[in-house]
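The values are calculated or read from the model by the stated rules, or taken from the named source; none is laboratory data. This one's a predicted model, so the numbers in the text were calculated from it and none came from an experiment. Backbone-built Cβ (ideal geometry, glycine too); neighbour counts: all protein chains shown. Areas reflect the complete protein model, heavy atoms only, side chains present, ligands, DNA and RNA absent. Shrake-Rupley method; radii C 1.70, N 1.55, O 1.52, S 1.80 Å.
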Amino acid sequence: MALWDRLKESASLVAKKNDLKSGAFRDASMAMCALVAAADGTIDPSERQRVAQLIATNEVLQNFDAMDLQRRFDDNLSKLTADFAFGKVSVLQEIAKAKKKPAEARAVIQIGIVIGGADGDFDKTEQAVVREACFTLDLPPHEFDL
């Protein structure tokens with residue numbers, strides 16, 4: 001899928017804002033943010049800031065309480081920093097909650113791409129964890145140019 005197509009699809013997510021209100025989407029999106037932030041093995045303050053900014057400004061995530069989203073993000077980060085391999089299993093289980101609804105699953109992947117590319121460099125480790133999330137959600141990675 002070309003970048004332009006992804007941007008159009010992302011814009012359509014805003015139109016689907018009312019469809020993205022489930023607890024499964026909330027949990028999966030914060031798990032995805034944590035997974036991408038921790039992908040390289042370290043979580044720097046700029047990554048935390050990117051997620052805080054996403055929580056504050058993303059129209060879809062405004063369906064949820066910002067403090068609750070931040071807590072869920074931090075909880076997932078704690079799992080990943082305690083033991084990345086074990087934490088990743090738990091975080092991918094959270095991401096899998098969005099599997100039943102294709103629109104939610106695609107939105108979760110798009111959030112991962114947004115977080116990964118927020119610093120201007122969607123690096124290989126970030127791409128790899130988003131690709132793994134695609135497999136978890138039964139979505140073809142090539143649909144997102146991964």
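All distinct Cα pairs of the chain go into the 1/r average, and the inverse of that average, the Kirkwood radius, is 14.8 Å.
Rounded to the nearest 10 square angstrom, Thr125 shows an accessible area of 60 square angstrom against a 1.4 Å probe. Across the options Ala39, Val129, Asn63, the greatest Cα extent toward the positive end of the charge dipole of the chain (unit charges at beta carbon of Lys, Arg, Asp, Glu) belongs to Asn63. In this structure Asp75 has an accessible area near 70 Å², from a 1.4 Å probe over the protein heavy atoms. Taking a ≥ b ≥ c as the square roots of the eigenvalues of the alpha carbon gyration tensor, segment 78-146 is oblate, as a/c is not under 1.5 and a/b does not beat b/c.
Okay, helix-only estimate at 222 nm for the chain: each DSSP H run of n ≥ 4 adds -39500 (n - 2.57), divide by all residues, round to 500 deg cm²/dmol; what do you get?
Details: 7 runs with 100 residues, N = 146.
Taken over the chain, the calculation gives -22000 deg cm²/dmol.
How many nm is it between the label spots at Lys124 and Gln70, if each spot is 7 Å from the Cα in line with the beta carbon? So the two model labels end up 3.6 nm from each other.
As a length-normalised measure over Cα pairs under 8 Å and 6 or more apart, the relative contact order of the chain settles at 34 percent. Taking the convex hull of the alpha carbon positions in segment 34-115 and averaging its projected area over all directions gives 5.1 nm². Residue-wise HN-Hα couplings along segment 118-133, as the Karplus relation 6.51 cos²θ - 1.76 cosθ + 1.60 with θ = phi - 60° gives them from phi, are 5, 8, x, 9, 7, 6, 4, 5, 5, 4, 5, 6, 5, 4, 4, 5 Hz; Gly and Pro carry x.
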